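Structure record follows, encoded as structure tokens.
All of the numbers you see were taken from the coordinates with simple rules; none came from a lab. Bear in mind the structure is a predicted one, so any value in this text is a computation, not a measurement. Please note: Cβ atoms are built from the backbone with ideal geometry, for glycine as well, and neighbour counts cover all protein chains shown.
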Amino acid sequence: MLVIVRWLVICILAGCGFSGSSGTDGVVSDARLDGPTDPSGDGPGPDAAGDAGVDAPADASIITACDACVLADGICEGGGCKFTCDDANSCSLVSCPPGQPCTVECNGQCGAGVDCTRATECNITCTNGGCGVGVLCGGGPCTVVCDDACGGGVTCGTDACNVDCRNDACGGGLRCGLSCACDATCDNTSCGNGASCGLPTCDDGRGCDSTQSFECDLCS
């Protein structure tokens with residue numbers, strides 16, 4: 001009998017495998033470490049409610065018109081984009097960003113030309129050999145002044161186009177046959193390849209004149 005009692009005491013002290021059945025050191029303790037769970041079983045517990053109240057960050061991929069201007073090396077000004085190129089090697093090709101007015105001033109710079117085809121409006125001034133490859137206008141109104149510049153010529157878009165070529169400018173010619181109205185002036189040293197006004201009646205001998213005939217102004 002004494003042997004049996006001694007065995008029971010030793011067994012109790014050693015645990016004899018009974019601790020696992022109590023459930024206090026196994027799965028239950030793991031659950032305490034993992035934190036509370038959603039009683040419904042559908043997802044995380046109280047932490048989810050806290051996350052739901054946090055506003056989503058703004059979409060960093062959205063680029064404003066001013067952002068597009070700066071990325072093109074322009075300056076945001078007056079609701080449009082402006083390029084001032086008068087320092088040596090300050091500009092090569094100027095490409096106006098889309099969806100906004102564009103102003104370009106090239107004084108002996110912009111050797112690769114000016115691409116204003118995507119802007120809503122173009123105001124371009126090229127002097128002292130600037131805009132060597134030429135100027136391209138787009139679907140908005142376009143005003144271009146070339147003074148001893150624009151060697152590659154000027155190509156107007158589909159909207160009203162006003163071009164002034166002087167002092168051996170626009171050697172590559174003036175092309176505004178697609179414009180709804182074109183007013184262009186070439187002095188006697190400019191527009192070496194002539195002016196293309198779309199219709200012969202719009203050619204006034206010095207360039208193009210939208211007042212020559214009703215068919216020369218189709219903008220309105």
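Yes/no per residue for (1) in a strand (DSSP E or B); (2) hydroxyl-bearing (S, T, Y):
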{"position": "T125", "(1), (2)": "yes, yes"}
{"position": "C131", "(1), (2)": "no, no"}
{"position": "G139", "(1), (2)": "no, no"}
{"position": "V145", "(1), (2)": "yes, no"}
{"position": "C150", "(1), (2)": "no, no"}
{"position": "T158", "(1), (2)": "no, yes"}
{"position": "V163", "(1), (2)": "yes, no"}
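Name the single residue that is farthest from D147 (Cα to Cα) among those in region 183-210 being of a type in the set (D, E) and touching a residue at least 24 places away in the same chain (Cβ under 8 Å). Per the criteria, the residue is D209.
Among the residues of region 148-158, those identified as within 15 Å of G172 (Cα to Cα) and crowded, with 20+ Cβ neighbours inside 10 Å are A149, C150, G151, G153, V154, T155, C156. Report yes if D86 is surrounded by fewer than 20 Cβ atoms within 10 Å (Cβ to Cβ), more than 19 Å from the chain's Cα centre (by Cα) and closer than 30 Å to D168 by Cα, otherwise no. Taking the combined requirement at face value, the residue satisfies it. Put simply, of T120, T103 the only residue that is crowded, with 20+ Cβ neighbours inside 10 Å and polar (S, T, N, Q) is T103. Could we say that G205 is surrounded by fewer than 21 Cβ atoms within 10 Å (Cβ to Cβ), more than 30 Å from the chain's Cα centre (by Cα) and not in a helix (DSSP H, G or I) here? So G205 fits the description; yes.
For region 58-77, filtered to residues that are assigned to a loop (DSSP other than H, G, I, E, B) and touching a Pro at 6+ places or on another chain (Cβ under 8 Å), the residue that is surrounded by the most Cβ atoms within 10 Å (Cβ to Cβ) is G74. Within region 169-182, identify whether any single residue is under 29 Å from the mean Cα position of the chain (by Cα) and not in a loop (DSSP other than H, G, I, E, B), and answer yes or no. Yes - at least one qualifying residue is present in region 169-182.
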